[in-house]
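The values are calculated or read from the model by the stated rules, or taken from the named source; none is laboratory data. The model shown is predicted, which means the values in this text are computed figures rather than measured ones. Please note: Cβ atoms are built from the backbone with ideal geometry, for glycine as well, and neighbour counts cover all protein chains shown. For the accessible areas, the whole protein counts, side chains as well, though only heavy atoms, and no ligand, DNA or RNA atoms are used. Shrake-Rupley method; radii C 1.70, N 1.55, O 1.52, S 1.80 Å.
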Amino acid sequence: MKYAYKNGKILNGTKDMQVQTGLIILTEGEKIAAIVPEETRLSGYTEIDLQGKYIMPGLINMHVHLAGNGKPQKKQRDNAKLVKTLMSNRISRAIAYRMVAGFAKDELLSGVTTIRTVGGLGTFDTRLRDEIKAGKKTGPRILAANEGISVPGGHMAGSVAIAAESIDAAVAHVDEAKRENVNLIKLMITGGVLDAKEKGVPGELKMAPEMVKAVCNRAHALGYQVAAHVESPQGVRVALENGVDSIEHGAKMDDDMIRLFKEKNAFLCTTLSPALPYALFDRSITNATEVEQFNGNVVFEGIIDCAKKAIANDIPVVLGNDVGCPWITQYDFWRELFYFHKYVGVSNAFALYTATARAAEMAGIGAETGTIEPGKSADLIVTAENPLEDLRALRKVEMVVTQGRKIDHPQVKINPVVAAELDQFLVE
């Protein structure tokens, strides 16, 4: 199909983007064919009148767990036990896969045209990636890690990550991931907010440096980037010293960590969304313990500090919302951009650039998507209002174009309880 998107205000996704008018975006099949002046005579194109609305690249969510719905919990559940039950028989696996596919569709309908999954159920993520690519399912482009690598007692061990009891077992999982045709490898190096049993230790080191190094060496030999869950300064150092390519979450940054980021050409995936409820909500809402709230503050402040210092030192930053954590839904990635602006202090344009062109570049698909340019994938979204003036414009996407396929008036089912509680943090 050939489309001509006219009368739109274009935000092209580049770092210094400004509104461009008087242009028509031409797409042919999956690609952007050309961008031409509005007076160009067209033949063979279906014309789409955007009526002065804003058109921009689809968003890229760099930290997703497709198995989670973000529903608030009154108490912590045993995720390993739940996953074991879900994956125990053919019928429950089919139900779980249908759920995962539905969540991926929610990502797309909310304006996210690419996701990077960093821990999932079995081989569901690569399977879904391939079915979407083949046109059998509706969803975003997926860069999949399948199951992550943790250690016994480590973060997400037994649920969306395997528990490697030895270096050999961890390296063997990299080889298995290669057979599954993953796009990247994920490590769980430290604990998280809900793992910690004491105040001040939410990022306790769980994985030995020797294991990190062995996994990274094997992954790099096979051509993979390695992403790592890290929520403490010690964890960041261990990760970077031993070859990790991206720090997921982050922690308060010192000069040595800055040096390591630069020396290793690593990047940071900032995830403000999951820590925010534990840090800023009243405990009567989150049902968090005093320890969890304290550690939520430690992580939230650490992520903010890490992002600020990374930007100040020209360390690449991308955004993910760690979807699946309590209060974090598959359709609310736009909130991460708003938080990035509000708490890290970046401009709206920089936030949008970070979640489009910059993310594509760091994910290794910058030649394929992330900006509105001829030859790139037709991954586009349309909003009525200008996100350069107010990022909350991204909350309501009026059209999604995914690899050339147009979806008008996309809608997702919103959890009103989650929205009501989180909306208090949308004040500038």
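Remarks
- Residue 32 falls short of the stated requirement of being free of Cβ contacts under 8 Å to residues at least 40 places away in the same chain and buried (at least 22 other Cβ atoms within 10 Å of the Cβ).
- Of all residues in region 346-385, those that are surrounded by fewer than 19 Cβ atoms within 10 Å (Cβ to Cβ) and in contact with a Lys or Arg (Cβ under 7 Å, 6 or more places away or on another chain) total 3.
- Residues of region 144-183 that turn out to be among the polar types (S, T, N, Q) and crowded, with 24+ Cβ neighbours inside 10 Å, as a count: 3
- Subset of region 301-314 (residues that are open to solvent by 10 Å² or more (accessible area, probe 1.4 Å) and either of a type outside the set (S, T, N, Q) or under 22 Å from the mean Cα position of the chain (by Cα) (or both)): 301, 304, 305, 308, 309, 311, 312, 314
- Here residue 301 fulfils each of the conditions (1) within 16 Å of residue 235 (Cβ to Cβ); (2) in contact (Cβ under 8 Å) with a residue 60 or more places away in the chain apart from (2).
- Residues satisfying the stated conditions in region 68-92, i.e. open to solvent by less than 30 Å² (accessible area, probe 1.4 Å) and either under 30 Å from residue 358 (Cα atoms) or small (Gly, Ala, Ser) (or both): 68, 70, 92
- Some residue of region 238-245 being in a helix (DSSP H, G or I), over 21 Å from the mean Cα position of the chain (by Cα), surrounded by fewer than 17 Cβ atoms within 10 Å (Cβ to Cβ) and free of Cβ contacts under 8 Å to residues at least 12 places away in the same chain: no
- Listed by first and then second residue, the pairs linking a residue in region 271-293 that is without any contact (Cβ under 8 Å) to a residue 24 or more places away in the chain to a residue that is of a type in the set (Val, Ile, Thr) and assigned to a loop (DSSP other than H, G, I, E, B), with Cβ atoms under 8 Å apart and 6 or more places separating them unless they lie on different chains, are 283/289.
- Test: residue in region 196-209 that is at pLDDT 95 or above and within 16 Å of residue 274 (Cβ to Cβ): no
- Residues satisfying the criterion are absent from region 111-119 (criterion: in contact (Cβ under 8 Å) with a residue 40 or more places away in the chain, under 17 Å from residue 63 (Cβ atoms), under 17 Å from the mean Cα position of the chain (by Cα) and assigned to a helix (DSSP H, G or I)).
- Region 254-287 - residue that is open to solvent by less than 10 Å² (accessible area, probe 1.4 Å) and in a loop (DSSP other than H, G, I, E, B) and, of those, farthest from residue 323 (Cα to Cα): 266
- Residues in region 386-428 that are surrounded by fewer than 13 Cβ atoms within 10 Å (Cβ to Cβ) and under 28 Å from residue 30 (Cβ atoms): 408, 409, 411.
- Taken over region 264-275, the criterion of being modelled with pLDDT under 95 and under 15 Å from residue 418 (Cβ atoms) is satisfied by 274 alone.
- Residue 219 open to solvent by less than 50 Å² (accessible area, probe 1.4 Å), of a type outside the set (Lys, Arg), within 30 Å of residue 179 (Cβ to Cβ) and in a helix (DSSP H, G or I): yes
- All positions within region 19-64 that are closer than 12 Å to residue 401 by Cα, of a type in the set (Gly, Ala, Ser) and either modelled with pLDDT under 95 or assigned to a strand (DSSP E or B) (or both): none
- Residues (in a helix (DSSP H, G or I) and open to solvent by 20 Å² or more (accessible area, probe 1.4 Å)) located in region 316-345: 341, 342, 343
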